[in-house]
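The numbers here are math on the coordinates, done by the rules we state, and not lab data. Computed from a prediction, not measured in an experiment: that's the story for all the values here. Note that each Cβ is placed from the backbone with ideal geometry, even for glycine, and that neighbours are counted across all protein chains shown.
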Amino acid sequence: MTGQPASRLSRRALLGAVLGVGTAAALGWAVWPRRQLDGAALSVRDAFDAAKAGEIILVDIRRPDEWTRTGIGQGAHPIDMRDAGFIAHLDALTGARKDVPIALICARGVRSARLSIALTEEGYTRVINVPEGMLGSSVGPGWIETGLPVTAYDS
């Protein structure tokens, strides 16, 4: 022992923990890694193949202006994640079942990762992220660069 009372060490440890948590919260989503969905991720090629085979429902959660610029991955259903009716649209695709495999794709995997976590917290049990996204990320080149087919978006 250092000769200091145990209660003083405990307060220091508590203060350090509080400061650490506060700092982590202040840095925000972009810096700190998030809870992953235990391997629930697919490459763009695997997502395309699984959607084509009817094994997953692939949902492009980007904005309409993004769909217009790049097109939508063939087999994907465009549902803007900002749409107030997002869950209703998703339920229409899944028959309102929360156990249907849903794969989410966005531009670079950031929004799809966050929405995957949010949907899981809402009770959806088979949410899959496509972290490469349409445009590529550190995980891989993305849908477009991989040369997978896209469908033009007609607003």
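Treat every Asp and Glu Cβ in region 28-155 as -1 and every Lys and Arg Cβ as +1, leave all other atoms uncharged, and give the resulting dipole magnitude about the Cα centre to the nearest 20 debye.
260
Would you mind computing Rg(Cα) / (2.2 N^0.38 Å) for region 86-155, counting N as its residues?
Working it through for region 86-155, the quotient is 1.19.
So what's the gap between the Cα centers of region 111-146 and region 43-64, to the nearest angstrom?
That distance is 10 Å.
Show me, bin by bin at 10 Å from 0, the whole-percent P(r) of region 38-117 based on Cα pairs.
Once binned at 10 Å, the Cα pair distances of region 38-117 give 18, 56, 25, 1.
Using mean Cβ contacts within 10 Å as the protection proxy, how do 148-154, 131-137, 60-66 order, highest first?
The peptides rank, most packed first, as 131-137, 60-66, 148-154.
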